[in-house]
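These notes concern the structure reproduced below.
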Amino acid sequence: MELSEDQEKALAALLAWRRDPARQNFITLGGYAGTGKTTLIAVLKNELARLNKGLRLAFCSYTGKAAQNLKNKLREAGALAARDSVSTIHGLIYTPLENDAGQIAGWVRKEVLEKDLIIVDEASMVDGLIWADLCSYGIPIIAVGDHGQLPPISGQFNLMQAPQLMLSQIHRQAAGNPIIRVSQHARTAGVVPAGRYGAGVVKYPKDDPDAQERTGELLEGWSPETLILCGYNNTRNRINQFVRASRGFEGPAPASGDRVICLRNNHKKAVYNGMLGTIARIARYNADWYEAEIRLDDREKPYDGLVYAPQFGARTGVNFTRDRKLAMQGDLFDFGYALTVHKAQGSQAKRVVMFEERFRQMDDGMWRRWLYTGVTRAEEELYLFG
């Protein structure tokens, strides 16, 4: 594979780090969308395998979809060996505990990982608790992520805040991608000019008389391959109600087939803020709780447990940290047709419909990160409304 100049420099630095017996136990590599992070990972893997024939390498990512995308790209590049593993971070370092019914009752950290190197993709999503668990094994780690994105949803930890190595040169294969062009406007200027950037990639101006009609068409055409993104929770709630009504759901209560999003980390049950899923079964447990089975996008076995009823359609998230008794009883989910950009960080979809909404307290730098993060959730189509 032909590498760009900054990819060559990063490759040399990573190989030097790997050879250094006095190295720090981890190294971070940041790269904007289109800079060829995955290409570099594939080249690095092949070079490391050439230097160490028995290398046991674990690739992992925060979400199941990101892990599958990485696996496909590594296979295409001929960079995946039988001894390599590709999984979510949770699948790599945690073991599920099942009850007599075969349901997951909890997760525990594995005692040992028989690996020589861990490469974490999409590392901008990793929070402090998971990073501490990863580092606890003493296995060298290469953390790769997009340093232009928003920091993780919870806490102050930000692994990609100041990467040791950085890729900034857009790879020529990506330079013609209209979504990459839009992302460059978002990242550098914080403004995406109105216009058509390519097939299915459009920015509608605020005063466009056709924009409202197009918005309705896109929302009514929602499918699981669509992400609807916004800034405000009241916008998110209105869109969720509109989409649910257009899909035939009656009333405000969640039902089988509803799309939902997790709003709170629960490490014991391995559900995390931003996880998306579909309700398979739901019934009233009591006045405040539903008993639900949810097929999560990033897990083979479904979530099974109690979810807090007042959260569905609420204007704000319930603060379980103030009420330990509530936190011990179950989990927080809400409708997941429309998401705030902060909640969508670990997700991607073929089609993204995005509404620009800026909070007053956002400075210009945070606004650029917000806009850039939302835009780069799109894989093929992007409809942006100013």
Counting only helices (runs of 4 or more DSSP H) wholly inside the range 162-233, the ones holding at least 1 residues that are at pLDDT 95 or above and of a type outside the set (D, E, K, R) are 178-189, 211-220
If we ask which residues in the range 175-196 are surrounded by 18 or more Cβ atoms within 10 Å (Cβ to Cβ), touching a helix residue (DSSP H, G or I) at 6+ places or on another chain (Cβ under 8 Å) and either farther than 18 Å from Arg351 by Cα or of a type in the set (A, V, I, L, M) (or both), their number turns out to be 7
Given the conditions (1) under 19 Å from the mean Cα position of the chain (by Cα); (2) closer than 28 Å to Asp208 by Cβ, every one holds for Arg181 apart from (1)
Within the range 151-161, the count of residues that are at pLDDT 90 or above and surrounded by 21 or more Cβ atoms within 10 Å (Cβ to Cβ) comes to 2
Boolean, Tyr232 is in contact (Cβ under 8 Å) with a residue 60 or more places away in the chain and in contact with a Phe, Trp or Tyr (Cβ under 9 Å, 6 or more places away or on another chain):
yes
Residue pairs qualifying under the 6 Å Cβ cut-off, at least six apart or on distinct chains, with the first in the range 245-262 being on the phi > 0 side of the Ramachandran plot and the second being hydrophobic (A, V, I, L, M, F, W, C) and at pLDDT below 95, are none
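Go through Arg264, Arg281, Arg315 for me and flag whichever is open to solvent by 30 Å² or more (accessible area, probe 1.4 Å), in contact with a Phe, Trp or Tyr (Cβ under 7 Å, 6 or more places away or on another chain), farther than 23 Å from Gln68 by Cβ and not aliphatic (A, V, I, L, M).
Numbers: Arg281 fails: in contact with a Phe, Trp or Tyr (Cβ under 7 Å, 6 or more places away or on another chain); Arg315 fails: in contact with a Phe, Trp or Tyr (Cβ under 7 Å, 6 or more places away or on another chain).
Selected residue: Arg264, the only one of Arg264, Arg281, Arg315 that is open to solvent by 30 Å² or more (accessible area, probe 1.4 Å), in contact with a Phe, Trp or Tyr (Cβ under 7 Å, 6 or more places away or on another chain), farther than 23 Å from Gln68 by Cβ and not aliphatic (A, V, I, L, M).
The values are calculated or read from the model by the stated rules, or taken from the named source; none is laboratory data. Just so you know, these numbers come straight off a predicted model, no measurement behind them. Using ideal geometry, Cβ is built from the backbone for each residue, glycine included, and neighbour counts are taken over all protein chains shown. SASA here: full protein model, heavy atoms, side chains in, ligands and nucleic acids out. Shrake-Rupley method; radii C 1.70, N 1.55, O 1.52, S 1.80 Å.
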